[in-house]
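Have a look at the structure below before the remarks.
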Amino acid sequence: MVKRSRLDLGHGQRGDNVAIPIPLVDRGRGDPRNILGVILDRSENDNYTLVTKNGILKGAYARNDFELCPQKLLYLSEMNCVKHVSLRAAVILGSQSGGQGYVKCNCSGAKKCQNNRCKCFKAKLKCNSRCHQSLTCGNK
(Lines give C-alpha, C1' and ligand atoms only; values in the text may rest on other atoms or scores of the structure.)
Protein backbone atom coordinates (compact mmCIF):
# COMPACT_ATOMS: atom_id res chain seq x y z
CA MET A 1 0.00 0.00 0.00
CA VAL A 2 2.78 2.42 0.87
CA LYS A 3 4.58 1.68 -2.40
CA ARG A 4 1.38 2.24 -4.39
CA SER A 5 0.56 5.53 -2.63
CA ARG A 6 4.10 6.81 -3.30
CA LEU A 7 3.65 6.03 -6.99
CA ASP A 8 0.17 7.57 -7.20
CA LEU A 9 0.89 10.74 -5.24
CA GLY A 10 4.48 11.42 -6.23
CA HIS A 11 6.98 13.51 -4.31
CA GLY A 12 6.84 17.24 -3.80
CA GLN A 13 9.94 19.37 -4.14
CA ARG A 14 10.98 22.47 -2.21
CA GLY A 15 9.10 25.44 -3.66
CA ASP A 16 6.16 23.45 -5.09
CA ASN A 17 2.72 24.98 -4.57
CA VAL A 18 0.22 22.96 -2.56
CA ALA A 19 -3.45 23.18 -1.60
CA ILE A 20 -4.00 22.18 2.02
CA PRO A 21 -7.60 21.19 2.84
CA ILE A 22 -9.06 23.01 5.83
CA PRO A 23 -11.16 20.86 8.18
CA LEU A 24 -14.76 21.97 8.51
CA VAL A 25 -14.35 22.81 12.22
CA ASP A 26 -11.43 25.15 11.49
CA ARG A 27 -13.07 27.34 8.85
CA GLY A 28 -16.04 29.65 8.72
CA ARG A 29 -18.96 29.17 6.39
CA GLY A 30 -17.67 31.82 4.02
CA ASP A 31 -14.04 30.69 4.02
CA PRO A 32 -12.42 28.69 1.21
CA ARG A 33 -12.04 24.93 1.54
CA ASN A 34 -8.28 25.00 0.91
CA ILE A 35 -5.41 27.25 1.85
CA LEU A 36 -2.51 27.73 -0.55
CA GLY A 37 1.02 27.10 0.60
CA VAL A 38 4.51 26.15 -0.50
CA ILE A 39 6.68 23.18 0.45
CA LEU A 40 9.50 24.43 2.66
CA ASP A 41 11.24 21.15 3.47
CA ARG A 42 10.92 17.38 3.11
CA SER A 43 12.30 14.99 5.73
CA GLU A 44 13.77 11.53 5.12
CA ASN A 45 10.46 10.01 6.32
CA ASP A 46 8.56 11.85 3.55
CA ASN A 47 7.02 14.31 5.99
CA TYR A 48 6.70 17.84 4.65
CA THR A 49 7.04 21.24 6.30
CA LEU A 50 4.60 23.67 4.67
CA VAL A 51 4.55 27.46 4.73
CA THR A 52 1.75 29.92 3.94
CA LYS A 53 1.72 33.71 3.62
CA ASN A 54 0.88 33.86 7.33
CA GLY A 55 3.72 31.63 8.56
CA ILE A 56 5.15 28.13 8.80
CA LEU A 57 2.48 25.57 9.67
CA LYS A 58 3.09 23.67 12.89
CA GLY A 59 3.53 19.92 12.56
CA ALA A 60 4.63 17.72 9.69
CA TYR A 61 2.30 16.78 6.84
CA ALA A 62 2.27 13.47 5.00
CA ARG A 63 1.96 13.53 1.22
CA ASN A 64 -1.69 12.47 1.35
CA ASP A 65 -2.57 15.52 3.51
CA PHE A 66 -2.30 18.00 0.62
CA GLU A 67 -2.57 18.28 -3.16
CA LEU A 68 0.17 19.54 -5.45
CA CYS A 69 -0.83 22.49 -7.63
CA PRO A 70 0.30 22.32 -11.26
CA GLN A 71 0.71 26.13 -11.50
CA LYS A 72 3.25 28.32 -9.74
CA LEU A 73 0.94 30.71 -7.88
CA LEU A 74 3.16 31.50 -4.91
CA TYR A 75 6.91 31.71 -4.46
CA LEU A 76 8.95 30.83 -1.40
CA SER A 77 10.36 34.36 -1.28
CA GLU A 78 6.82 35.74 -0.72
CA MET A 79 6.16 33.52 2.31
CA ASN A 80 6.58 34.37 6.00
CA CYS A 81 9.30 31.89 6.97
CA VAL A 82 9.84 33.32 10.46
CA LYS A 83 6.59 32.85 12.41
CA HIS A 84 5.14 29.40 13.27
CA VAL A 85 1.32 29.19 13.23
CA SER A 86 -1.28 26.45 13.49
CA LEU A 87 -3.52 25.67 10.53
CA ARG A 88 -6.51 27.27 12.28
CA ALA A 89 -4.53 30.46 13.00
CA ALA A 90 -3.37 30.63 9.36
CA VAL A 91 -7.00 30.29 8.22
CA ILE A 92 -8.16 33.03 10.61
CA LEU A 93 -5.39 35.40 9.48
CA GLY A 94 -6.29 34.88 5.82
CA SER A 95 -10.07 34.93 6.28
CA GLN A 96 -12.36 37.66 4.97
CA SER A 97 -15.00 37.01 7.64
CA GLY A 98 -12.81 36.59 10.71
CA GLY A 99 -12.39 32.83 10.66
CA GLN A 100 -14.33 30.11 12.36
CA GLY A 101 -17.44 31.98 13.47
CA TYR A 102 -19.45 35.00 12.49
CA VAL A 103 -19.98 37.92 14.83
CA LYS A 104 -23.67 38.61 15.44
CA CYS A 105 -24.73 41.75 17.27
CA ASN A 106 -28.57 42.10 17.54
CA CYS A 107 -28.32 45.85 18.17
CA SER A 108 -31.38 48.04 18.55
CA GLY A 109 -31.97 51.63 19.54
CA ALA A 110 -31.28 55.10 18.16
CA LYS A 111 -27.53 54.75 17.51
CA LYS A 112 -27.55 51.26 16.05
CA CYS A 113 -24.10 49.82 15.49
CA GLN A 114 -22.21 53.11 15.79
CA ASN A 115 -20.38 52.61 19.09
CA ASN A 116 -18.39 49.91 20.90
CA ARG A 117 -21.54 48.38 22.43
CA CYS A 118 -22.07 46.73 19.03
CA LYS A 119 -20.05 43.50 18.67
CA CYS A 120 -19.52 44.05 14.94
CA PHE A 121 -18.39 47.67 15.34
CA LYS A 122 -16.04 46.71 18.17
CA ALA A 123 -14.48 43.93 16.05
CA LYS A 124 -14.14 46.41 13.13
CA LEU A 125 -16.45 44.31 10.96
CA LYS A 126 -19.50 45.27 8.93
CA CYS A 127 -22.89 44.03 10.08
CA ASN A 128 -24.32 41.18 8.03
CA SER A 129 -27.78 39.76 7.38
CA ARG A 130 -27.58 37.54 10.48
CA CYS A 131 -27.25 40.51 12.84
CA HIS A 132 -30.58 42.23 12.30
CA GLN A 133 -32.59 41.48 9.25
CA SER A 134 -34.29 44.48 7.67
CA LEU A 135 -33.58 47.16 10.25
CA THR A 136 -31.62 50.23 9.27
CA CYS A 137 -28.03 50.00 10.38
CA GLY A 138 -25.21 52.52 10.59
CA ASN A 139 -22.53 49.85 10.06
CA LYS A 140 -23.46 48.16 6.78
**Complete:** Note: VAL82 to GLU44 extended length (0.36 nm per residue) minus current alpha-carbon separation gives 11.4 nm
**Item:** Highest-fluctuation residue, ARG117, ARG42, ARG14 considered, GNM on the chain with Cα pairs under 10 Å
**Value:** ARG117
**Request:** Pairs of Cα atoms under 8 Å, at least six residues apart: use those to get the relative contact order of the chain, whole percent.
**Result:** 21
**Prompt:** Setting aside same-chain residues fewer than 8 positions from LYS112, which lysines have a Cα under 26 Å from its Cα?
**Reply:** LYS104, LYS122, LYS124, LYS126, LYS140
**Asked** What accessible area per residue, rounded to a whole number of Å², is obtained for the chain using a probe radius of 1.4 Å?
**Response** 67
**Potential lengthening between SER108 and ASN34 on full extension [0.36 nm per residue; Cα-Cα distance subtracted]** = 22.9 nm
**Message:** Around VAL91, under 14 Å between beta carbons, what's the net of Lys plus Arg minus Asp minus Glu among the other residues?
**Reply:** +4
**Request:** Mind checking the full-extension length gain between ASN115 and LEU73? Use 0.36 nm per residue of separation minus the Cα-Cα distance, one decimal, nm.
**Result:** 11.0 nm
**Asked** Looking at the chain from every direction and averaging, what is the projected area of its Cα convex hull in nm²?
**Response** 10.8
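The values are calculated or read from the model by the stated rules, or taken from the named source; none is laboratory data. Not measured: the values here are computed from a predicted model. Don't worry about glycine lacking a Cβ; one is built from the backbone with ideal geometry, like all the others, and counts go over all protein chains shown. Please note that ligands, DNA and RNA were not included when accessible areas were found on the heavy atoms of the full protein model with its side chains. Shrake-Rupley method; radii C 1.70, N 1.55, O 1.52, S 1.80 Å.
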